[in-house]
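Visitor: What follows is a single structure, and I will ask about it in a moment.
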Amino acid sequence: MAEVWVYVETTNLGEIEFVSMELLEEGVKIANTLGSKMYAVVFGHKINDNVVGKISQYGADGALLLDLPELEQYTTDAYGQAMVELVQSRQPSIILLGATPDGSDLAARVAAFLRVGLVCDCTDFKLDAQGRLKMIKQIYGGRAQATFVTKGNPQIITVRENSIGLGRPGQIKQISVEHPKVMINLSQVRTKVVRYLKGDPRTIDLEEAEIILAGGHGVSGSDQWQQMQKLADALGATLGGSRMAMDAGNISRERLVGQTGKTVRPKLYMSIGISGASQHVGGMKESEKIIAVNKDPFAPMMKLADLQIEADSADLLPVLAAELELRKRKKEISEGSVLSASGI
């Protein structure tokens with residue numbers, strides 16, 4: 001039986017992206033059902049030794065490591081060439097990738113070259129009686145679901161982060177590690193990474209934000225939402241909200257957090273005036289730390305939070321904004337004093 005692959009993305013610090021760990025678990029389940037093996041595919045240069053250990057904890061049978069200088073930074077041409085050559089040599093039946101910017105780009109490139117089907121941004125999938133994947137994704141702005149089946153091999157699918165969930169990792173074990181040989185034609189690599197710029201919290205995708213400030217029905221009127229934006233700017237946070245905030249015209253659909261919007265996993269999620277309906281909680285419950293502000297101490301969001309603040313947003317927002325502005329000025333004065341003392 002042909003192999004099942006999971007393309008494992010790593011950060012610049014050598015850590016595995018959360019969505020890749022989710023897919024490793026699912027890839028193992030699919031491979032076990034098909035009676036085949038699941039391989040993690042990792043591209044890069046000077047790949048962190050801990051990556052293989054982490055892969056083994058989620059049940060992979062083996063890892064295919066392409067460790068080349070040409071793959072140190074992601075580029076469509078170099079990664080596309082490497083993946084296509086690898087697929088043609090081993091003929092996997094299924095390839096799972098995260099629906100990240102790089103994962104989505106690579107999946108489209110490979111599918112187009114191989115002339116096989118691709119389904120993007122799925123939230124679930126299952127095997128049919130013939131052992132082919134049926135992919136499920138949200139349509140019509142999340143108001144319905146559609147099921148897709150692709151033609152050709154391999155079946156390629158990108159999956160939305162946090163849509164599957166992640167279990168506890170197992171013990172680190174020995175797995176087979178292979179270093180396939182591929183040839184990358186540098187004359188066909190038409191782009192290169194010059195440098196990385198930190199994303200603007202006002203414009204980055206919610207799924208990439210480390211801090212999210214979200215408002216709900218309890219934040220009313222344009223004045224309060226202007227204060228929310230000022231507070232978000234002071235915190236270095238990205239502004240989001242609930243469906244009621246979207247329906248009221250206070251946020252765009254791209255800023256909606258929930259099962260029919262964005263599923264997020266920031267380091268800090270601060271909600272103001274959000275009661276905590278299951279639809280909203282389903283999109284942010286994996287946040288590392290949660291702060292909830294609500295005048296109802298028994299709201300579901302308050303029970304979920306690591307820190308609860310019982311207050312009305314109309315009273316709290318001006319106080320928070322003023323305090324943060326005061327701290328910012330003190331910091332600027334302090335830094336100015338240091339520069340002055342140093343003669344700069």
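The values are calculated or read from the model by the stated rules, or taken from the named source; none is laboratory data. Everything quoted here is computed from the prediction, not taken from an experiment. Every residue, glycine among them, receives a Cβ derived from its backbone with ideal geometry; neighbour counts consider all protein chains shown. Each accessible area value is taken on the protein alone, full model and side chains, heavy atoms only, with ligands, DNA and RNA left out. Shrake-Rupley method; radii C 1.70, N 1.55, O 1.52, S 1.80 Å.
Visitor: Cβ neighbours within 10 Å, averaged per peptide: list 123-129, 184-190, 99-105 in order, most packed at the top.
Guide: Result, highest mean Cβ count within 10 Å first: 99-105, 123-129, 184-190.
Visitor: Starting from region 281-310, pick out the GluC sites (Glu not before Pro) whose DSSP state is loop and whose Cβ has at most 11 other Cβ atoms within 10 Å.
Guide: GLU288
Visitor: Treat each spin label as a single point 7 Å out from the Cα along the C-beta direction, and report the ASP223 to ARG195 distance in nm.
Guide: It is 4.3 nm.
Visitor: Under 17 Å between alpha carbons, and skipping anything fewer than 8 positions from LYS267 in its own chain: which aspartates and glutamates qualify?
Guide: Partners found: GLU15, GLU17, GLU161, ASP200, ASP205, GLU207, GLU208, GLU210, ASP233, GLU286, GLU288, ASP306.
Visitor: Select from GLN226, LEU256, MET301 the residue farthest towards the positive end of the dipole of region 187-344; place +1 on Cβ of Lys and Arg, -1 on Cβ of Asp and Glu, and compute about the Cα centre.
Guide: Towards the positive end, the residue furthest out is LEU256.
Visitor: For region 169-246, take every pair of Cα atoms, bin their distances at 5 Å starting from 0, and report each bin as a whole percent.
Guide: Final binned percentages: 3, 11, 14, 13, 9, 6, 9, 10, 9, 8, 5, 3, 0.
Visitor: Multiplying the sequence separation of TYR140 and LYS173 by 0.36 nm and subtracting their Cα-Cα distance, what value in nm do you get?
Guide: Values: separation 33, 0.36 × 33 = 11.88 nm, distance 4.37 nm.
In short, 7.5 nm is gained.
Visitor: With unit charges on the beta carbon (Lys/Arg positive, Asp/Glu negative), name the residue among LEU66, GLN155, VAL189 whose Cα is farthest towards the positive pole of the charge dipole of the chain.
Guide: Toward the positive end, the furthest listed residue is GLN155.
Visitor: Direction-averaged shadow area of the convex hull around the Cα atoms of region 142-186, nm²? Present the calculation step by step, with values, prior to reporting the outcome.
Guide: Values: hull surface 30.3 nm².
The directionally averaged projection comes out at 7.6 nm².
Visitor: Past the 32 Å Cα-Cα mark, which pairs from LYS192/LYS285; LYS198/LYS295; LYS29/LYS285; LYS46/LYS173?
Guide: Table pairs above 32 Å Cα-Cα are LYS192/LYS285; LYS198/LYS295.
Visitor: Another question, then. Hey, what's the chain come to in accessible area per residue, 1.4 Å probe, Å²?
Guide: On the way: 18120 Å² over 344 residues.
Computed with neighbouring chains in place, this is 53 Å² per residue.
Visitor: Oh, and also: Relative to the compact globular guide of 2.2 N^0.38 Å, what is the alpha carbon radius of gyration of region 1-93, as a ratio?
Guide: Normalised Cα radius of gyration, region 1-93: 1.04.
Visitor: While we're here: Residues in region 285-301 near a label at GLU210, defined as backbone nitrogen under 14 Å from the 7 Å Cα→Cβ point?
Guide: Residues 288-289 fall inside that zone.
Visitor: Next question, about the same structure. Apply 1/(1 + (r/R0)^6) to the Cβ-Cβ distance of ASN12 and LEU186, taking R0 = 30 Å, and write down the FRET efficiency to the nearest 0.05.
Guide: Efficiency for this residue pair is about 0.85.
Visitor: Still on this structure, I have one more. If I require 15 Å or longer along the helix axis, counting alpha carbons, and a Kyte-Doolittle average no lower than 1.6, what helices from the chain are left? Use full DSSP H segments.
Guide: none
Visitor: Here are some values of mean projected area of the Cα convex hull in nm²: (1) 17.0; (2) 21.5; (3) 17.9. Which one was computed from this structure?
Guide: (2)
Visitor: Using amide H atoms built in the peptide plane, which far-off residues or other-chain residues are under 5 Å from VAL177 H to H?
Guide: ALA63
Visitor: If you don't mind, there's one more thing I want to ask. Hey, rough spin-label estimate for SER334 and ARG202, points 7 angstrom out along Cα→Cβ, what's it come to in nanometres?
Guide: Rounded to a tenth, the inter-label distance reads 2.7 nm.
Visitor: Let me ask something else. Helix-only mean residue ellipticity at 222 nm, the chain, DSSP H runs n ≥ 4 weighted -39,500 (n - 2.57), per residue, nearest 500. What is it? Present the calculation step by step, with values, prior to reporting the outcome.
Guide: Numbers: 9 runs with 112 residues, N = 344.
Calculated mean residue ellipticity at 222 nm is -10000 deg cm²/dmol.
Visitor: What are the radius of gyration and Dmax of region 45-149, computed over its Cα atoms and given in Å?
Guide: Values for region 45-149 (Cα only, Rg and Dmax): 15.7, 45 Å.
Visitor: Another question, then. So, taking all protein chains as they sit and a 1.4 Å probe, how much accessible area belongs to GLU15, in Å² rounded to tens?
Guide: Roll a 1.4 Å probe over it and GLU15 shows about 110 Å².
Visitor: Calculate what fraction, in whole %, of the accessible area of region 120-203 sits on carbon and sulfur atoms when a 1.4 Å probe is rolled over the protein chains.
Guide: It is 50 percent, rounded to a whole number.
Visitor: Rounded to whole Å and ordered largest first, report the semi-axes of the equivalent ellipsoid of region 197-344 derived from its Cα gyration tensor (root of 5λ).
Guide: Semi-axes, largest first: 29, 17, 14 Å.
Visitor: In whole Å, how far is the Cα centre of region 1-53 from that of region 258-317?
Guide: Centre-to-centre (Cα) distance: 32 Å.
Visitor: While we're looking at this one, here's another question. Which whole-angstrom value gives the distance between the alpha carbon centres of region 170-227 and region 92-120?
Guide: After rounding, the separation between the Cα centres reads 18 Å.
Visitor: Rolling a 1.4 angstrom probe over the protein chains, ignoring ligands and nucleic acids, what is the accessible area of MET38 in square angstrom, nearest 10?
Guide: 0
Visitor: So for LYS289, LYS46, LYS198, what's the accessible-area order with a 1.4 Å probe, most first?
Guide: Of LYS289, LYS46, LYS198, the descending order of accessible area is LYS198, LYS46, LYS289.
Visitor: Assign one of three labels to region 11-53, namely rounded, prolate or oblate, based on the Cα gyration tensor with a ≥ b ≥ c the square roots of its eigenvalues; rounded applies when a/c is under 1.5, prolate when it is not and a/b is larger than b/c, and oblate otherwise.
Guide: prolate
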